[in-house]
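A.B. asks: Submitted below is the structure of interest, expressed as structure tokens.
The values are calculated or read from the model by the stated rules, or taken from the named source; none is laboratory data. The structure displayed is predicted, hence computed values, not measured ones. Because the Cβ atoms are built from the backbone with ideal geometry, glycine has one as well, and the counts that use them run over all protein chains shown. The protein model used for the area step is the full one, side chains on, heavy atoms only, and it has no ligands, DNA or RNA in it. Shrake-Rupley method; radii C 1.70, N 1.55, O 1.52, S 1.80 Å.
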Amino acid sequence: MNNAFMNALGVIINALADQAGIKIRMNAARFSTDGDTVCLPTSDNRKLLLGGGAHEGGHCKHSDFSILKQIETPLEKLVNNILEDTYIVKSMINDYPGVRLMLADMVHELIELKMFSEPSEISTPMEMIQTFMLYRLRADVLEQKAIEAFADKAESLVRAALPAGMMIRLESLMFQVDECKSSQDVLDLTRAIITMMEDEAKKEEEKEQQQDDQSQSPDADDLDQDGDSGH
């Protein structure tokens, strides 16, 4: 990648982040940022680098890294990452409408490079939920239409795997990310979603236990037959 493009990319990231002095480090394992340094993987794909740089610039501008440090569990981290990414991209598009195309091009490239993969039926229910949230929010909230077919398949799989009550509540909650105004809002929403899933899982366990108890209990006719029939 020539120096002219890299210099321009640095200017773009700083401008989008509305913050001077952001450093760019190449040859990283993945796109990431700590708010001061944007790490980019080695690539000759300009669409990928522009979109990834814009995305990480969005984190520099809109993510509160002190809030992100409050994340307590691996599950909380996974769900929060999906919601935080949606929040910062939506915020960046609101700030700079031209960024929408840049980020949509990046998603198309990620699909072409198979860095976004087709949802799989062999995934665990939790993996299905994460994939569904990632793809559905990108397709519907961020209007990244290249991912829509994957989102539809993920939705079909997760509807088949989840209890109906959990699915209804999940959709009701996850789209509230469109209303988030801060990383704190995102973390609060993350915890609400996890609490909901735990509540719904507990309801399913109790329902299954009740069904087991009923199947093991003799019914009224059995009691009559086995009881004292001489009186």
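A.B. asks: Could you list all residues from the stretch 132-154 that are more than 13 Å from L83 (Cα to Cα) and either buried (at least 21 other Cβ atoms within 10 Å of the Cβ) or among the small types (G, A, S) (or both)?
C.D. replies: A139, Q144, A146, I147, A149, F150, A151, A154
A.B. asks: What is the number of the single condition among (1) open to solvent by less than 70 Å² (accessible area, probe 1.4 Å); (2) under 22 Å from Q144 (Cα atoms) that L113 does not meet?
C.D. replies: That leaves (1) as the condition not met.
A.B. asks: Here's a check for you: in the stretch 16-40, which residue that is touching a Phe, Trp or Tyr at 6+ places or on another chain (Cβ under 9 Å) and farther than 11 Å from G53 by Cβ is surrounded by the fewest Cβ atoms within 10 Å (Cβ to Cβ)?
C.D. replies: Once the filter is applied, the top-ranked residue is D34.
A.B. asks: Here's something else I'd like to know. Within the stretch 27-56, which residues are more than 17 Å from L103 (Cα to Cα) and touching a Pro at 6+ places or on another chain (Cβ under 8 Å)?
C.D. replies: Hits for the stretch 27-56 are N27, A28, A29.
A.B. asks: Can you spot a residue in the stretch 67-75 that is among the polar types (S, T, N, Q), buried (at least 21 other Cβ atoms within 10 Å of the Cβ) and more than 21 Å from L101 (Cα to Cα)?
C.D. replies: Within the stretch 67-75, the subset among the polar types (S, T, N, Q) is 70, 73.
When the remaining residues are screened for being buried (at least 21 other Cβ atoms within 10 Å of the Cβ), the result is none.
Checked the stretch 67-75: no residue is among the polar types (S, T, N, Q), buried (at least 21 other Cβ atoms within 10 Å of the Cβ) and more than 21 Å from L101 (Cα to Cα).
A.B. asks: Name the one entry in L40, L16, L50, L78 that is of a type in the set (A, V, I, L, M), under 24 Å from Q144 (Cα atoms) and within 20 Å of the chain's Cα centre (by Cα).
C.D. replies: Working: L40 fails: within 20 Å of the chain's Cα centre (by Cα); L16 fails: within 20 Å of the chain's Cα centre (by Cα); L50 fails: within 20 Å of the chain's Cα centre (by Cα).
Checking each option against the conditions leaves just L78.
A.B. asks: Scanning for something assigned to a helix (DSSP H, G or I), among the hydroxyl-bearing types (S, T, Y), open to solvent by less than 60 Å² (accessible area, probe 1.4 Å) and touching a His at 6+ places or on another chain (Cβ under 9 Å), does the stretch 85-100 turn up at least one residue?
C.D. replies: Initially, the stretch 85-100 is screened for residues assigned to a helix (DSSP H, G or I), giving 85-95, 99-100.
Remaining after also requiring among the hydroxyl-bearing types (S, T, Y): 86-87, 91.
From what's left, open to solvent by less than 60 Å² (accessible area, probe 1.4 Å): 86-87, 91.
Of the ones still in play, those that are also touching a His at 6+ places or on another chain (Cβ under 9 Å) are 87, 91.
Looking through the stretch 85-100, at least one residue is assigned to a helix (DSSP H, G or I), among the hydroxyl-bearing types (S, T, Y), open to solvent by less than 60 Å² (accessible area, probe 1.4 Å) and touching a His at 6+ places or on another chain (Cβ under 9 Å).
A.B. asks: Residues being touching a helix residue (DSSP H, G or I) at 6+ places or on another chain (Cβ under 8 Å), assigned to a loop (DSSP other than H, G, I, E, B) and basic (K, R): count how many of those fall in the stretch 42-81.
C.D. replies: Number of matching residues: 0.
A.B. asks: If you take the residues in the stretch 1-14 that are in contact (Cβ under 8 Å) with a residue 12 or more places away in the chain and closer than 16 Å to V99 by Cβ, which one is surrounded by the most Cβ atoms within 10 Å (Cβ to Cβ)?
C.D. replies: Taking the stretch 1-14 as the starting set, the residues that turn out to be in contact (Cβ under 8 Å) with a residue 12 or more places away in the chain are 1, 5-6, 9-10, 12-14.
Narrowing further to those that are closer than 16 Å to V99 by Cβ: 9, 12-14.
Values: L9: 22, I12: 17, I13: 26, N14: 19.
Going through the qualifying residues, I end up with I13.
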